[in-house]
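Remarks on the structure that follows.
The values are calculated or read from the model by the stated rules, or taken from the named source; none is laboratory data. Keep in mind that what you see is a predicted model, and the values were worked out from it rather than measured. All Cβ positions, even for glycine, are placed from backbone atoms using ideal geometry, and neighbour counts span all protein chains on display.
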Amino acid sequence: MHHQTAYNLASRPTIVVLCGSTKYWDQLAEANLYETAAGRIVLAPGCNLKKPHPLWADPAQADRLKPVLDDLHLRKIDLADEVLVVNPDGYIGASTRSEIDYARSIGKAIRYTHPAPETGPRQ
């Protein structure tokens, strides 16, 4: 019996990228859990520079890593079908705001975990 192995893009699960401040690391992890359980592929920040780690213990290392991570996140937005902004208390920092602006500029659908001041309640 022959099994079709060709990848069917139409049946691929939705890819969602999480955007938000890493100060909400636990909430980002919770959003990842819920989105995954809902059958979506989740792209998310992979490094939390706000928590100590040997990879960025040296401030110069952290300074070199930040722009790399910022660009990597924009590429995750490129790959995603939609953006989920994790914004407890409606908080959206400058980095997240620029990611939202970028996502909008390339036509990505955007959802929020909490109402954002300029968006009103999540649909």
Quick check: is even one residue across the range 44-59 closer than 15 Å to residue 99 by Cα and either out of contact with any helix residue (DSSP H, G or I) (no Cβ under 8 Å at 6 or more places or on another chain) or free of Cβ contacts under 8 Å to residues at least 40 places away in the same chain (or both)?
yes
Being surrounded by 14 or more Cβ atoms within 10 Å (Cβ to Cβ), in contact with a Leu (Cβ under 6 Å, 6 or more places away or on another chain), in a helix (DSSP H, G or I) and aliphatic (A, V, I, L, M) narrows 18, 69, 28, 65 down to just 28
Members of the range 34-59 that are among the aliphatic types (A, V, I, L, M), assigned to a loop (DSSP other than H, G, I, E, B) and under 30 Å from residue 11 (Cβ atoms):
38, 44
Taking residue 96 and the conditions (1) modelled with pLDDT of 95 or more; (2) part of a loop (DSSP other than H, G, I, E, B); (3) not basic (Lys, Arg), which numbered condition does it fall short on, given that it satisfies the others?
(2)
Could you list, in sequence order, all residues of the range 99-123 that are of a type in the set (S, T, N, Q), more than 16 Å from residue 44 (Cα to Cα) and at pLDDT 95 or above?
105
So which pairs qualify, if the first residue must be in the range 103-123 and aliphatic (A, V, I, L, M), the second must be at pLDDT below 65, the Cβ gap must be under 9 Å, and the two must be at least 6 apart or on different chains?
110/119; 116/122
Looking at residue 84 and the list (1) of a type in the set (A, V, I, L, M); (2) in a helix (DSSP H, G or I); (3) modelled with pLDDT of 95 or more, which single condition is not satisfied?
(2)
Could you tell me how many of the residues in the range 99-114 are in contact with a strand residue (DSSP E or B) (Cβ under 9 Å, 6 or more places away or on another chain) and in a loop (DSSP other than H, G, I, E, B)?
3
Those residues that are within 21 Å of residue 74 (Cβ to Cβ) and loosely packed, with under 11 Cβ neighbours inside 10 Å, I need them from the range 31-46; list them, please.
46
Can you name the condition, by its number, that residue 57 falls short on among (1) among the hydrophobic types (A, V, I, L, M, F, W, C); (2) more than 16 Å from the chain's Cα centre (by Cα); (3) surrounded by 15 or more Cβ atoms within 10 Å (Cβ to Cβ)?
(3)
